[in-house]
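Inspection log for the structure reproduced underneath, given as structure tokens.
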Protein chains: 2
Amino acid sequence: MSLERARQIVLASRPQGRPSLADFRLEETPMPEMPRGGLLLRVRTLSLDPYMRGRMDDRKSYAKPVGIGEVMEGESVAEVLESDHPGFARGELVLARTGWRTHAPSDGQGLRKVDPALAPPSTRLGVLGMPGFTAYSGLKVIGKPRAGETVVVAAASGPVGSLVGQLAKMAGARAVGIAGGADKCRYVKEELGFDEALDHREPGLPERLAAACPQGIDVYFENVGGAVWQAVLPLLNRFARVPVCGLIAQYNGVADNPTDALPATMRAILTKSLTLRGFINYEFEAEHYGDFLRELAPAVADGRIRYREDVTEGLENAPAAFLGMLEGRNFGKVLVRVDA
Amino acid sequence: MSLERARQIVLASRPQGRPSLADFRLEETPMPEMPRGGLLLRVRTLSLDPYMRGRMDDRKSYAKPVGIGEVMEGESVAEVLESDHPGFARGELVLARTGWRTHAPSDGQGLRKVDPALAPPSTRLGVLGMPGFTAYSGLKVIGKPRAGETVVVAAASGPVGSLVGQLAKMAGARAVGIAGGADKCRYVKEELGFDEALDHREPGLPERLAAACPQGIDVYFENVGGAVWQAVLPLLNRFARVPVCGLIAQYNGVADNPTDALPATMRAILTKSLTLRGFINYEFEAEHYGDFLRELAPAVADGRIRYREDVTEGLENAPAAFLGMLEGRNFGKVLVRVDA
């Protein structure tokens, strides 16, 4: 084994605004050693997610930044290549925070076993993974859509938004999705079953959103911020709930808001008794993760819940796939198939 | 009776930005007639409150605007002058939404009797009235301060802020108040018992607030907005709660925020799992008003809870007192003693 080489992608530099390929570096390293009592993992599928943009910046957030020269953080479905751990056998699949690399040592802490009989393993990174749980717990704990209410979500063809809309429909609510481009909008409306899908690249989003929400908006699942928030704000009903799980439009520090945007937001919070509540999916994990998997895995397996994956081949192509996702060029959950 | 005259103050024009005396007009009118089965009220004490600024604007809010030429809205402690209503006797005191005037007819709907033995009647407009209930319910339902946490409130010598701090102390939390001027700060710290009081007219509020909150801020009771919000934002702890009951700093439409204020606010909501929740006190009335009065009236009566009133004599001086309040020139709950 020690003659084999592993590969990894490290953070080469901190981006100023929009990141570029030069902020990443592919490295070859010796094969990691299996820790005594632990495991050696081979990454099969790496998940790329918007939160990773935040880890590239050197500022305080809910998690500490990736250091310069350190492996980019990330979760993957990995195979147990060698095991000295009584709980895991060679060949088993696990969910692990391996980072962007082909092989990773593990002490077994924090691993979740992946049962390939439950659903396709890659879904544990998307609809049945962190993005799916973000949608599920944000709606369950904060959004609480009721029958007849209107739920709006952006990035509606993505892994969070697509589940938000489908769960809203299951709760008897009206689901309105926003996505970039005609193909995604067609998918959102025709395949996912949203009531309406609006293309944010076309002009007049505020007017089209108002027309699509004749009863106003009761739940806005905030995962983008920026111009979409400005279009949503005047349509929010009294007592509307706004779970805030992401703000991809402002991750690069380029705000597209008018200058008086904060007073308008605060005024709406006040006069409409709005609830804005930020959350990170794992804060609800202890209470709701079990239900999530029990309720949704069968629905994913039998097709009642639909999902879509956007798979890139090869670890070396992860940076380009990641940059594309930040620009909205992906169509579905972004995954990287990693070959050792 | 019909020879007597009543007086009232009407909205003469809609202010552009900061209101002025010319936006109000004092009128003499014939004495209102007692409606059949109803009452005629004589206003004793009129309450002036920041929310009235919103009623002067012609835009959608939680209540409809006062029309041009209509009597300014407001609540008062009034005496029953004549009664054809079985529930109320001549000479009784009631809480009523009379508006800014000396006399008002009433059908009896929505009146609350005022028991002068419970506490001084004017307190039913302040610490034991709408402002007090705003503080009580906002903390109880949204803020939920725990022992050892830090609670910050602005306008700390006013009727909402002064109770927020005193209730925070009773809950075992650290109370930090912000007020305008040395006299108010001395009152807040020495008479109300806050741990710290900061003068927002002195330079360096962000630094002084940080020094006064070494453990960060867990509850920020938002009643001003603007520069204070900007100072509070970086100090909020994860899972901090922000009941939003007022934004007096932006009621005149003059924002003092930097241009990127919204992205910073949204990012904090996201990364710190903040809860911002707007509310109007009456949405919690059915559930909590009884407890409020039962718990606090004895504490006000025996001095465990302190309050301060800023009384102006004469209905004709109500507009000037109101404008002074919007500028922070009052010291305590603003009341107008109305002589018929």
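The values are calculated or read from the model by the stated rules, or taken from the named source; none is laboratory data. Remember, predicted model here, so these are calculated numbers, not experimental data. Heads up, the Cβs are rebuilt from the backbone with ideal geometry, glycines too, and the neighbour counts pull from every protein chain shown. SASA here: full protein model, heavy atoms, side chains in, ligands and nucleic acids out. Shrake-Rupley method; radii C 1.70, N 1.55, O 1.52, S 1.80 Å.
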Taking a probe of 1.4 Å and counting only protein heavy atoms, give the total accessible area buried between chains A and B in Å², rounded to the nearest 100. 3100
At a cut-off of 20 Å², which residues of segment A:199-235 become less accessible once all protein chains are present than in their chain alone, using a 1.4 Å probe? A:W229
Report, largest value first, the span of the C-alpha coordinates of segment B:1-68 along each principal axis, in whole Å. 41, 26, 21
Taking only the alpha-carbon atoms of segment B:176-227, the convex hull volume per residue, in cubic angstrom, is 84
Among the aspartates and glutamates, which have Cα under 15 Å from the Cα of B:K184 when same-chain residues fewer than 8 positions away are ignored? B:D195, B:E196, B:D199, B:E202, B:E309, B:D310, B:E327
Using the Karplus equation 6.51 cos²θ - 1.76 cosθ + 1.60 (θ = phi - 60°), what ³J(HN,Hα) coupling, rounded to whole Hz, does each residue of segment B:31-40 give in order, writing x for Gly and Pro? 4, x, 7, 6, x, 4, x, x, 9, 10
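Between the DSSP loop rule and a limit of at most 13 other Cβ atoms within 10 Å, which GluC sites (Glu not before Pro) in segment A:300-340 are left?
On the way: sites: A:E309, A:E313, A:E316, A:E327; in loops: A:E327.
Qualifying residues, ordered by number: A:E327.
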Largest fluctuation, B:V127, B:V80, B:V151 only, Gaussian network model of chain B with Cα springs under 10 angstrom, belongs to B:V80
Where does segment A:130-281 land on Rg(C-alpha)/(2.2 N^0.38 Å)? 0.94
In µm²/s, what is D for chain A at 10 °C and 1.306 mPa s, where D = kT/(6 pi eta Rh) by Stokes-Einstein and Rh is the Kirkwood radius from Cα pairs? 76
Inter-copy distances for B:P86, nm, shortest first, label points 7 Å along Cα→Cβ, are 8.1
Among DSSP beta bridges lying fully in the protein assembly as shown, give the percent that are antiparallel, nearest 5. 55
Test item: B:271-284 mean partner chain Cβ contacts at 10 Å: 6
Would you grab the residues whose amide H sits under 5 Å from the one on B:T150? Only those 5+ places off in sequence or on another chain, please, with H modelled 1.01 Å from N. B:R174, B:D218, B:V219
What relative contact order, as a whole-number percentage, does chain A give when Cα pairs under 8 Å and 6 or more residues apart are counted? 17
Order B:M72, A:M170, most accessible first, counting only protein heavy atoms with a 1.4 angstrom probe. A:M170, B:M72
Which GluC sites (Glu not before Pro) in segment B:1-73 pass both tests, a DSSP loop state and at most 15 other beta-carbon atoms within 10 Å? B:E4, B:E33, B:E70
Mind checking the log10 I(q)/I(0) for the protein assembly as shown at q = 0.08 Å⁻¹? Debye, one equal scatterer per Cα, no solvent, two decimals. -0.70
Taking a label point 7 Å from Cα toward Cβ, how far is A:P203 from its twins in the other copies, in nm, shortest first? 4.9
Segment A:5-112: trypsin sites (Lys or Arg not before Pro) in DSSP coil with no more than 11 other Cβ atoms inside 10 Å: A:R36, A:R59, A:K60, A:R90
Rounded if a/c is under 1.5, else prolate if a/b is larger than b/c, else oblate: which is segment B:1-141, with a ≥ b ≥ c the root eigenvalues of its Cα gyration tensor? oblate
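Of all the accessible heavy-atom surface of the protein assembly as shown, with the other protein chains kept in place and a 1.4 Å probe, what percent is carbon and sulfur? Don't skip to the end; give the middle numbers.
Details: 13840 of 27730 Å².
Solvent-exposed carbon and sulfur of the protein assembly as shown make up 50 percent of the total.
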A:I68 paired with A:F239, simple spin-label distance in nm, labels 7 Å along Cα-to-beta-carbon: 5.3
Log10 I(q)/I(0) at q = 0.21 Å⁻¹ for segment B:61-202, from Debye over equal alpha-carbon scatterers, is -1.15
Rolling a 1.4 Å sphere over the protein heavy atoms, what is the accessible area per residue of chain A, to the nearest Å²? 41
Cα centroid of segment B:2-48 to Cα centroid of segment B:267-288, whole Å: 35
At 7 angstrom along the Cα-to-beta-carbon line, where would the label on B:E287 sit relative to the other copies? Give the distances in nm, shortest first. 1.4
For segment B:106-155, just say rounded, prolate or oblate: build the C-alpha gyration tensor, square-root its eigenvalues into a ≥ b ≥ c, call rounded for a/c under 1.5, and beyond that prolate if a/b exceeds b/c, oblate if not. prolate
